[in-house]
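Have a look at the structure below, then the notes.
The values are calculated or read from the model by the stated rules, or taken from the named source; none is laboratory data. As the structure is a computational prediction, the values presented were derived from the model and not from experiment. FYI the Cβ positions are ideal-geometry reconstructions off the backbone, even for glycines, and counts take in every protein chain you see.
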Amino acid sequence: MSTNNVILEVKNLKQFFRVDRKTTTRAVDDVSFKIFEGETFSVVGESGSGKSTLGRTLIRIYDGVAGEVEFMGKKISGKLDKETKHFITTNMQMIFQDPMASLNPRKKVLDTVAFGLDVNKLVSDPVERKNKVIEVLKSVGLSEDHINRFPHQFSGGQRQRIGVARALVLKPKFIIADEIISALDVSIQAQVINLMKKLQRELGLTYLFIAHDLSMVRYISDRVAVMHLGHIVEMGTVDDVYNHPMHPYTKSLLSAIPHPDPDSEKKRKRFVYDMSTIIYNDSHMVQLSDTHSILTTDKDFELWSKGDYSLSLK
Amino acid sequence: MTEHKKELFKRLEPKEYVTQELISNEEPKFFRDAYRRFKKNKGAHIALFMIIGILFLAAFGPLIGGHVYNEVITQHINLPPRVPFIENLGILNGMRDNVNIYLQKGFNDVYYWFGADGLGRDLWVRVWMGTRISFLVAFVAVLIDVIIGISYGLISGYYGGKVDMVMQRFVEIISGIPNLVVVILLVLVLKPGLQSIIFALMITGWISMSRVVRSQVLKLKELEFVLAARTLGASSFVIILKEILPNIIGQIIVMTMFSIPSAIFYESFLAFVGLGLQPPLASLGVLISTGYQSLLIYPHMVIFPVLVLSLLMLSFNLVADGLRDAFDPKMKGF
């Protein structure tokens, strides 16, 4: 699926939040990666690992502290002029986590979905506006007569579709999906994921998929980055990360996935990650192969390549 | 047991998506919904009619009294209330100390429904004129409060950070100065009168409104639909106007309704301590203030304005209370 055109390149991105005079949360700390056109790049990690912040920093809800972001050959970090902002808006969109909170309860679906067209002044004719909305609603599996309803009249899955439609109406190339399925129940999750896959096929979209559901990530992704405490600790193709994990945090994370088979589930061994000997800030990315890289120090790398995880996995 | 015939059944074509579950076609109407809940509150409903009634009387009462508010008729000084027909029931019959003053003085065909004051002016006309003033003061003051309060709260809450810090410290300074001191100083500078009262109410009245609005904005602006609007390229102005404001309109209406009675009361209070309108202009406060000086001898001069003022305040508070329940989203579904 991935042609080797880089659509988004992130170099040493940092995003800190000052909590008070003494403490600063380093939500995203020196993160670098590339996303290729047409692929699904997933970011997984535990709560508070900075994955949502990463997404929001990319789309400029937050302004990054340091680092460079290049999107479709254009620099989109630092101060932005109006033109670049418009460029980001029309080419990069975001779908949000909570389908209840991500739609304005006082707005009809028509106005919610058409909002992107309105603020960017892309249509002036109300009929054309309505037609565009209907078209995009149909592409996400909603029907024409939904346009005059309010969000609370829809189920969670339908609301998430409206959220998808709102992002799609501007015809973006790149979509950040911020835990779009974590607030839905399992059957609806599959619906939404299949919809996302279908849209990717039809429209040639690139996804940055932020999630914590490892099995779902495995199913949809081309490449995966594992985040912990603001750092990407391991990054590679699905095969690299799921079948040949090297970083102890990834191993620990994967060991937490329950097996569907009761026999092997009984024997499943859980590893507890102990990071007392690991200091991310002294580490650097080491390439294991063309696609696979981990964050480590030379000393740890030596141990881990020998299969010695006695210090970091309990 | 009935036999299952094959031709009765039809195979459904598999669809790519689960069919949409049917949703009722009825559109929810925010205000209609609120009104439905409001109607259930009997007290608030009665109070609403009471306000409408008082408004009606304030508008037309002075026209049917047969006098002008500042018309002085010296012979009619201090006449007690006398209403045709009702006088036969033994109340409002022009009696004082068991003597019918009207008949004693030979005014057989004269009727002062609320009595006359110390200068022989018709109290009925003056009470409703006063009510007009009270309404005027309340609505103008509240209107300005609402405009300043909402914009202040929206800006302070939405921009946050340093802007919010500076704006909130400013509010704290203003609200730290005793209100009455500000008003007295203002009235000294501006001369007592309608404008200075409205101005005085304006200075501090908007603070509570701005606080309510700010807290709501702080809550709303972190919600994802506001973030979504930002990722869609909406400017702050559009976000505030289209995304945030419609979601706090309920609280704003409730706050407004609560601030009307307090404005009315504040005006009356200022008038009572002598900082309000000056005679011959009348407001409820002015009437109470002059009437109270002869409370024990001519109680009618204070009873009627007090009655109207109390009813007005009570009704507004009840309506505001009812509205709060009606707009409270937690009540949704009842």
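For the list (1) farther than 23 Å from A:Val6 by Cβ; (2) in a strand (DSSP E or B), I need the number of the one condition that A:Lys22 fails.
(2)
Residue under question is B:Met313, and the condition is that it be buried (at least 21 other Cβ atoms within 10 Å of the Cβ) and touching a residue at least 12 places away in the same chain (Cβ under 8 Å); does it hold? Can you show your working first?
Details: buried (at least 21 other Cβ atoms within 10 Å of the Cβ): no; touching a residue at least 12 places away in the same chain (Cβ under 8 Å): yes.
The answer is no for B:Met313.
Look through A:Ser182, A:Ser187, A:Ser143 and report the one residue that is of a type in the set (Ser, Thr, Tyr) and under 20 Å from the mean Cα position of the chain (by Cα). Break it down into steps so the answer makes sense when it comes.
On the way: A:Ser187 fails: under 20 Å from the mean Cα position of the chain (by Cα); A:Ser143 fails: under 20 Å from the mean Cα position of the chain (by Cα).
From the options A:Ser182, A:Ser187, A:Ser143, the qualifying one is A:Ser182.
Among the listed residues A:Ile257, A:Ile294, A:Ile232, identify the single one that is modelled with pLDDT under 90 and of a type in the set (Val, Ile, Thr).
Just one listed residue meets the conditions, A:Ile257.
Mind checking which residues of the stretch B:97-120 are touching a residue at least 40 places away in the same chain (Cβ under 8 Å) and buried (at least 23 other Cβ atoms within 10 Å of the Cβ)?
B:Phe114, B:Gly115, B:Ala116, B:Asp117
Go over the candidates A:Phe33, A:Phe71 one by one and state the one that is under 19 Å from A:Lys173 (Cα atoms), at pLDDT 90 or above and surrounded by 22 or more Cβ atoms within 10 Å (Cβ to Cβ).
A:Phe71
Take the residues in the stretch A:64-102 that are in a loop (DSSP other than H, G, I, E, B), away from every other protein chain (no Cβ under 14 Å) and without any contact (Cβ under 8 Å) to a residue 60 or more places away in the chain; name whichever of them is farthest from A:Asp213 (Cα to Cα).
Only one residue fits best here, namely A:Lys79.
In this structure, does B:Ile244 turn out to be buried (at least 21 other Cβ atoms within 10 Å of the Cβ), assigned to a helix (DSSP H, G or I), under 16 Å from the mean Cα position of the chain (by Cα) and of a type in the set (A, V, I, L, M, F, W, C)?
No; evaluated as a whole, the condition is false for this residue.
For B:Ser151, state whether it is touching a helix residue (DSSP H, G or I) at 6+ places or on another chain (Cβ under 8 Å), away from chain A (no Cβ under 14 Å) and more than 26 Å from B:Val302 (Cα to Cα).
no
Being farther than 26 Å from B:Ala34 by Cβ, of a type in the set (S, T, N, Q), touching a helix residue (DSSP H, G or I) at 6+ places or on another chain (Cβ under 7 Å) and within 14 Å of chain A (Cβ to nearest Cβ) is the requirement here; does B:Ser236 meet it? Full working, then the answer.
Details: farther than 26 Å from B:Ala34 by Cβ: yes; of a type in the set (S, T, N, Q): yes; touching a helix residue (DSSP H, G or I) at 6+ places or on another chain (Cβ under 7 Å): yes; within 14 Å of chain A (Cβ to nearest Cβ): yes.
For B:Ser236, the condition - farther than 26 Å from B:Ala34 by Cβ, of a type in the set (S, T, N, Q), touching a helix residue (DSSP H, G or I) at 6+ places or on another chain (Cβ under 7 Å) and within 14 Å of chain A (Cβ to nearest Cβ) - is met.
Scan the stretch A:155-175 and give yes if some residue there is part of a helix (DSSP H, G or I), of a type in the set (S, T, N, Q), in contact with a Phe, Trp or Tyr (Cβ under 7 Å, 6 or more places away or on another chain) and at pLDDT 90 or above, otherwise no.
No, there is no match, as no residue in the stretch A:155-175 is part of a helix (DSSP H, G or I), of a type in the set (S, T, N, Q), in contact with a Phe, Trp or Tyr (Cβ under 7 Å, 6 or more places away or on another chain) and at pLDDT 90 or above.
Which residues, counting only those in the stretch A:163-189, are among the aromatic types (Phe, Trp, Tyr) and touching a Pro at 6+ places or on another chain (Cβ under 9 Å)?
Once the filter is applied, which keeps residues that are among the aromatic types (Phe, Trp, Tyr) and touching a Pro at 6+ places or on another chain (Cβ under 9 Å), the stretch A:163-189 yields nothing.
Taking A:Ser52 as the residue in question, decide whether it is within 12 Å of chain B (Cβ to nearest Cβ) and either under 25 Å from A:Met227 (Cβ atoms) or part of a strand (DSSP E or B) (or both).
Judged against the criteria, A:Ser52 is a match.
Could you list, ordered by first residue, the pairs with Cβ atoms under 9 Å in which the first is in the stretch B:75-94 and buried (at least 20 other Cβ atoms within 10 Å of the Cβ) and the second is assigned to a helix (DSSP H, G or I) and among the charged types (D, E, K, R), at least 6 apart or interchain?
Pairs that qualify, where the first residue is buried (at least 20 other Cβ atoms within 10 Å of the Cβ) and the partner is assigned to a helix (DSSP H, G or I) and among the charged types (D, E, K, R), are B:His76/B:Lys105; B:Leu79/B:Lys105; B:Gly94/B:Glu87.
Which residues, counting only those in the stretch A:123-153, are surrounded by 16 or more Cβ atoms within 10 Å (Cβ to Cβ), at the interface with chain B (Cβ under 10 Å from one of its Cβ atoms) and touching a residue at least 40 places away in the same chain (Cβ under 8 Å)?
A:Val140, A:Gly141, A:Arg149, A:Phe150, A:Pro151
Just one of the numbered conditions (1) over 21 Å from B:Ile239 (Cα atoms); (2) facing another protein chain (nearest Cβ under 9 Å) is not true of A:Pro105; which one?
Here A:Pro105 meets the rest and fails (1).
Looking at B:Ala271, is it modelled with pLDDT of 85 or more, buried (at least 20 other Cβ atoms within 10 Å of the Cβ) and in a helix (DSSP H, G or I)?
So B:Ala271 does not fit the description; no.
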